[in-house]
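A.B. asks: Here you go, one structure.
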Amino acid sequence: MNTARLLLVLLLSMLGGCASHAPAPVIDRSSAVTKSAHAADSAGTYVVKKGETLYGIALDFGLDYKELAAWNNLDNPNLIRAGQSLRVTSPEGSAPPVAVTRPVTSSAPVEVASKPAAGAATSPLLKHEPKGGKVVYSDAALSAARQATQSPKESAKPAVSETKPAEKIEAAVTGDAVDWAWPAGGKLLAPFAEGSSKGVDLAGKEGDPVTAAAGGVVSYAGAGLRGYGNLVVLRHNATWLSVYAHNSKILVKEKQTIAKGQKIAEIGSSDAESPRLHFEIRHQGKPVDPTKLLPAR
């Protein structure tokens, strides 16, 4: 009997010791950054949940928040309510356009029509360019014909089709492929994790430069998305976005065209426990692992 009591006392002591060393609960400090992706219904609408903002919904659908507001006739993007249905597809059913300045291209031949005078015989329309001839068509012949119609000053200028910088800007915002670069030089503080982290955190000092990971257009610049602090979002084409959070200072404006490597912000600790850059890459609104797209370093 005494042996049984002794065993019972020892067992209770062991259970008490185990309870006192239970693991501490894990606290997700970036719940606003890591909430699950949104999903639209078959009609292309989404029902707002409590605590959500138009900025966050637009980001998770890969949209420009101003276009999302326009599609839903919202004068103030800050005024949405839980239970409200939002259209998250274009009324025309097309992808959200990218506001960019496209490069100048050669104009089509100009046709000038002259109206015949009263009583005069009707004559065919006069075509001033290109000029007719019996030369066999070739790129060289076409170029020579165009140069012959230009003034000496115009002829001295390089052809527009050879303007490489404009072509690079166009490629950065129209094709699906994007040439990525690291937006900051600091070491990796936190990796991408499916379901718990939508991007990576890069170390840095307050005021260190944040540069554009690729050329594009600023679709958002502000502090309206909880958990991100001072935030910049770049749209690179119809499917790719990049996100730069926790900045101390934003150096760009919405709708501004940005070149790859251009300084867009400075590292800070807004909505973060220490100075860092939270960086995301999103394809059609869905976060993907940036380290799989960025060059090795």
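A.B. asks: Count the net charge of all other residues whose Cβ sits under 9 Å from the Cβ of SER242, scoring Lys and Arg as +1 and Asp and Glu as -1.
C.D. replies: +1
A.B. asks: Same structure, new question: Ranking request for peptides 210-216, 73-79, 47-53, 266-272: highest mean number of other beta-carbon atoms within 10 Å first, then the rest in descending order. Present the calculation step by step, with values, prior to reporting the outcome.
C.D. replies: On the way: 210-216: 23.7, 73-79: 10.9, 47-53: 14.0, 266-272: 20.6.
For the peptides 210-216, 73-79, 47-53, 266-272, the packing ranking is 210-216, 266-272, 47-53, 73-79.
Quick note: the coordinates plus some simple rules give every number you see, no bench work behind them. The model shown is predicted, which means the values in this text are computed figures rather than measured ones. FYI the Cβ positions are ideal-geometry reconstructions off the backbone, even for glycines, and counts take in every protein chain you see.
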